[in-house]
Amino acid sequence: MKTAQVPIYHSLRFQITVVITVLLSVLAINTVFSFYSENQRRDDYIALQSSGTTQQLFHSLINRSKQYAEAAPRDWETYFRDLGMYGQGLNDTIFKLDEAISTLTSLPQVQKQWQAYALEINRTKGDDPAQPKLEAVARWVIANETALNDMSVRISNKTQAILDQQLKQQRQINIVLLFLSLFVGLATLIALNKLFSRPLKNIITRLQNLAQGETRSEEQVNSRNEMGTIYSAIDDLALNLNTTFNLTRSVNQATSIDNALCFVYEEYKQRLPIDALCLIRDSNDSQSLLLDRIHTDTKLSLQENSSFNKHNCELGVMAEKPEPILWQDSSDWDDKHSALVQYLHNAGINSALFFPFNNQSGSILLFASCQPSAFNDKHLQLLKNAGGQLQHAFEKTELVESLVISAVSGLSKLAESRDPETGDHLDRMSQYSMILAEELSYNSPYQNQIDSRYIRDILRFSPMHDIGKVGIADSILLKPGRLTPEERHEMEFHPAIGGEVLKRCEEQLNASGHSMFSTGIEIAEGHHEKWDGSGYPHGWKGEEIPLSARIVAVADVFDALTSKRPYKEAWSVDKALTLFNEESGKHFDPEVVSAFHRAMPKIMQVYERLKHV
């Protein structure tokens, strides 16, 4: 079974990659800002140094200009002497000021003003570089002393203000980066806890509980990454084990095939989207498939004991290769044309999972759903894993049922063999009883009491109605003439004897946790009771008589009347029906008589096939 592919954006690898990428991004931002801060501090140092240098240079320029102006030369000899000292110093100072102020890129106004001053100084020096007007320059400097001092102070103040602003910005950025780092770190811890740590803890706890036999858990891992997939797989495993354990327990509790179907249906209803669970078997002639049992809580037009030709049926391949077959797409149904396929599809089944038993019985479990495409690979794997338990459940209950029913049916045949007048009476009356029960289940006040199991029990146990005759002496049972009142009285005890025989069988089964003969007991004890209370052995009246006994009473009398006996000829069907109409409300339940009339077409089919006239 393939594991569902996790989308890339839900994968743990992708999520961890995102977390690491965010962490690296924050680290990169901090690193870049560190380099930026270092460069900024270097620039600030240069700016501060330049500011101090300009102050010193302006102060030196003003002082030297004052000194030169006080001792200005009055002859060429002194002039040329000062030209090497003051003139050269003036040029050096202006050059250094140019160099220092050019680094103050954050003070463009100061740079522009100094350029104007430098241009004015050069203009004042004159056009002859060999004989610059040094005294005029000195006078200009002295005249602009205040402006130059103001510029020096402005440079110092503005530089300091800019440095303070940059320091404030750096402090704010540091705070932002600190909170960003804390936020990302906390978010990373939360993400790792949610995506990895907590799911991992839940997975470990789940495995520990599973190891201790606790297959169910209230906790869930909602993560959609691989951790969620792992937990989901473990949860599926636990649920599969729980289903297997419950099935094993149910196997020991099931007392019949119906119980087994009910247990399996209720257990798998929680895991599979099923609307019905059916048991399909090989018929006795091995030429057809029989829809033997149905368990559902949905209104479906499926009918038990429906038979389908086995030849050309798509399920025939299961006999050679007992592998599950899944039909759930429209193409699965459209490509198949057997009677069974058409029957299931017309009944509202859109998804069918056929699970064969790997034995000689040829039985198949049908998990049916009204939904199209209802099943997936996980559902199929679940059934494969529990295949042994499913097979064992039905083999065990079927064997118990078959052994017990066969034993008691043998007693019924024994009672029949002691009464040579009955012919095929048991076969006919059991078929009549089943048809009558089916008719009552369709449209009658009793339809809520009758289900498929009830009808099957009527068919199965109606032949046991006269099992009590095994306790009647041959001298009475085989007497050719009329019975004396004493003999008649003893003969009327056979329903009580039959009920007691089946009650003892039921007690034995109850001791081992099984129950099977309740319907048989009702039939054996009550089939000679009459609606007006004049019957025997208990004199029950009306609905005091079990419904199953009222049904069998009509079927039993109809066959007795329409069959030939040594002491009478067979009555016509019309004559028998006339008697029923007369005895309706006296001997027979009126509703059962009405249903018998409605079921006559089916009754006549059995009559024509098995009649004894």
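Cβ-Cβ distances below 6 Å connect the following pairs, each with a first residue in the range 454-473 that is more than 21 Å from D258 (Cα to Cα) and free of Cβ contacts under 8 Å to residues at least 40 places away in the same chain, a second residue that is of a type outside the set (K, R) and assigned to a helix (DSSP H, G or I), and a separation of six or more residues or different chains: G471/I497; I472/H494.
Screening the candidates R482, R488, R504 for the property of being outside any helix (DSSP H, G or I) and open to solvent by 40 Å² or more (accessible area, probe 1.4 Å) yields one hit, R482. Just so you know, in the range 465-479 the residues that are assigned to a helix (DSSP H, G or I), at pLDDT below 85 and hydrophobic (A, V, I, L, M, F, W, C) include one that is farthest from G410 (Cα to Cα), and it is I476. D297: at pLDDT 80 or above and over 22 Å from E395 (Cα atoms), yes or no? Against the criterion (at pLDDT 80 or above and over 22 Å from E395 (Cα atoms)), D297 qualifies. Is it the case that K133 is without any contact (Cβ under 8 Å) to a residue 60 or more places away in the chain, touching a helix residue (DSSP H, G or I) at 6+ places or on another chain (Cβ under 8 Å) and open to solvent by less than 60 Å² (accessible area, probe 1.4 Å)? Considered against the rule, which asks whether it is without any contact (Cβ under 8 Å) to a residue 60 or more places away in the chain, touching a helix residue (DSSP H, G or I) at 6+ places or on another chain (Cβ under 8 Å) and open to solvent by less than 60 Å² (accessible area, probe 1.4 Å), K133 comes out as no. When you look at R139, is it closer than 15 Å to S65 by Cβ, open to solvent by 70 Å² or more (accessible area, probe 1.4 Å) and assigned to a helix (DSSP H, G or I), yes or no? When the stated conditions are applied, R139 passes them.
Among what's in the range 333-350 and is buried (at least 19 other Cβ atoms within 10 Å of the Cβ) and in a helix (DSSP H, G or I), pick the residue that is modelled with the lowest pLDDT. This residue is W333.
If you go through the range 534-560 and pick out every residue that is under 23 Å from P601 (Cα atoms) and out of contact with any Leu (no Cβ under 7 Å at 6 or more places or on another chain), you end up with 11.
Taking the criterion of being touching a Gly at 6+ places or on another chain (Cβ under 9 Å), closer than 19 Å to H425 by Cα and open to solvent by 20 Å² or more (accessible area, probe 1.4 Å), the residues of the range 458-479 that qualify are R460, D466, K469, V470. Across the range 24-63, the number of residues qualifying as out of contact with any helix residue (DSSP H, G or I) (no Cβ under 7 Å at 6 or more places or on another chain), in contact (Cβ under 8 Å) with a residue 40 or more places away in the chain and either polar (S, T, N, Q) or open to solvent by 90 Å² or more (accessible area, probe 1.4 Å) (or both) comes to 1.
State which residue is farthest from M464 (Cα to Cα) when the search covers only the range 519-549 and only residues that are of a type in the set (S, T, N, Q) and in contact with a helix residue (DSSP H, G or I) (Cβ under 7 Å, 6 or more places away or on another chain). Within the range 519-549, the match that is farthest from M464 (Cα to Cα) is S548. State whether the residues of the range 556-572 include one that is part of a loop (DSSP other than H, G, I, E, B), within 22 Å of D457 (Cα to Cα) and within 59 Å of the chain's Cα centre (by Cα). Checked the range 556-572: no residue is part of a loop (DSSP other than H, G, I, E, B), within 22 Å of D457 (Cα to Cα) and within 59 Å of the chain's Cα centre (by Cα). Quickly run through the range 389-398 and pick out the residues that are at pLDDT 70 or above and open to solvent by 40 Å² or more (accessible area, probe 1.4 Å). Selection gives H392, E395, K396, E398. When A496 is tested against the conditions (1) at pLDDT below 85; (2) touching a Pro at 6+ places or on another chain (Cβ under 6 Å); (3) of a type outside the set (K, R), the lone failure is (1). Only one entry of H597, H612 meets the criterion of being part of a loop (DSSP other than H, G, I, E, B) and surrounded by 13 or more Cβ atoms within 10 Å (Cβ to Cβ), and that entry is H612. A single member of S152, S181 is under 43 Å from the mean Cα position of the chain (by Cα), of a type in the set (S, T, Y) and in a helix (DSSP H, G or I), and it is S181. Listed by first and then second residue, the pairs linking a residue in the range 369-397 that is closer than 20 Å to A276 by Cβ and in a helix (DSSP H, G or I) to a residue that is open to solvent by 70 Å² or more (accessible area, probe 1.4 Å) and not β-branched (V, I, T), with Cβ atoms under 9 Å apart and 6 or more places separating them unless they lie on different chains, are L380/M1; G387/N358; Q391/N358. Residues that are outside any helix (DSSP H, G or I) and more than 14 Å from R504 (Cα to Cα) were ranked within the range 516-530; the one that is most open to solvent (accessible area, probe 1.4 Å) is K530.
The values are calculated or read from the model by the stated rules, or taken from the named source; none is laboratory data. All figures in this text were calculated on a predicted structure; none of them were measured in a lab. Positions of Cβ are generated from backbone atoms using ideal geometry, with glycine treated the same way; all protein chains shown enter the neighbour counts. Ligands, DNA and RNA are excluded from the accessible area calculation, which covers all protein heavy atoms including side chains. Shrake-Rupley method; radii C 1.70, N 1.55, O 1.52, S 1.80 Å.
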